[in-house]
Amino acid sequence: MENINGKNDFFVIKALEDGVNVIGLTRGTDTRFHHSEKLDKNEVMIAQFTEHTSAVKVRGKSIIQTSHGEITND
Ligand code: TRP
């Protein structure tokens, strides 16, 4: 699979409370929400940046792991 500028990097999100939202934003000139995934406490989402997704917004208490490190947003 192609991998230009980490476009296909994976990231991991672990929800630390119910109702954490993982929102995918579109790649390209038009930046808009295209998908919202709701995680409950202790649910884990493993996802990639893709041709369609260049940014992700996480709302709610969670642990986020990326190739740049780990961060928690409590
Ligand atoms: N269909 C989307 C895509 O291929 C699915 C997706 C990938 C996604 N990574 C995401 C949705 C991150 C939300 C957040 O781009």
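Backbone geometry of region 58-74 corresponds, through the Karplus equation with coefficients 6.51, -1.76 and 1.60 at θ = phi - 60°, to 3J(HN,Hα) couplings of 10, 10, x, 6, 7, 10, 10, 10, 9, 5, 8, x, 10, 9, 10, 10, 8 Hz, x marking Gly and Pro.
Keeping all protein chains in place, calculate the accessible area per residue for the chain (probe 1.4 angstrom), answer in Å².
69 Å²
Once backbone amide H atoms are built at 1.01 Å from N, D18 has K41 as its partners under 5 Å, excluding neighbours fewer than 5 places away on the same chain.
For H35, the amide hydrogen comes within under 5 Å of the amide hydrogens of G24, counting only partners 5 or more places away or on other chains and with H modelled in the peptide plane. In this structure the amide hydrogen of R27, modeled in the peptide plane, comes within under 5 Å of the amide hydrogens of T53, S54, none closer than 5 places in sequence on its chain. Counting protein heavy atoms only, the chain has 49 percent of its accessible area on carbon and sulfur, 1.4 angstrom probe.
Among the lysines of the chain, pairs at least eight places apart or on separate chains and with Cα atoms under 15 Å apart come to 7. When you filter the chymotrypsin sites (Phe, Trp or Tyr not before Pro) in the chain for DSSP loop state and at most 10 other Cβ atoms inside 10 Å of their Cβ, nothing is left.
Largest mean-square fluctuation among I13, I23, I46, in a Gaussian network model of the chain whose springs join Cα atoms under 10 Å apart, belongs to I46. With contacts taken as Cα pairs under 8 Å at a separation of at least 6 residues, the chain carries a relative contact order of 39 percent.
Summarising the label geometry, the points placed 7 Å from Cα in the beta-carbon direction at K41 and I71 lie 2.5 nm from one another. What the phi angles of region 12-21 give under the Karplus curve with 6.51, -1.76 and 1.60, with θ = phi - 60°, is a coupling list of 10, 10, 10, 6, 9, 8, 6, x, 6, 9 Hz, glycine and proline written as x.
Extension gain, T50 to D18: 0.36 nm times the residue separation minus the Cα-Cα distance gives 8.9 nm.
The values are calculated or read from the model by the stated rules, or taken from the named source; none is laboratory data. From a predicted model like this one, the values you see are computed outputs, not experimental measurements. Ideal geometry is used to build each Cβ from the backbone, glycine not excepted, and the neighbour counts take in all protein chains shown. Accessible surface is based on the protein model in full, side chains and every heavy atom, while ligands, DNA and RNA are left aside. Shrake-Rupley method; radii C 1.70, N 1.55, O 1.52, S 1.80 Å.
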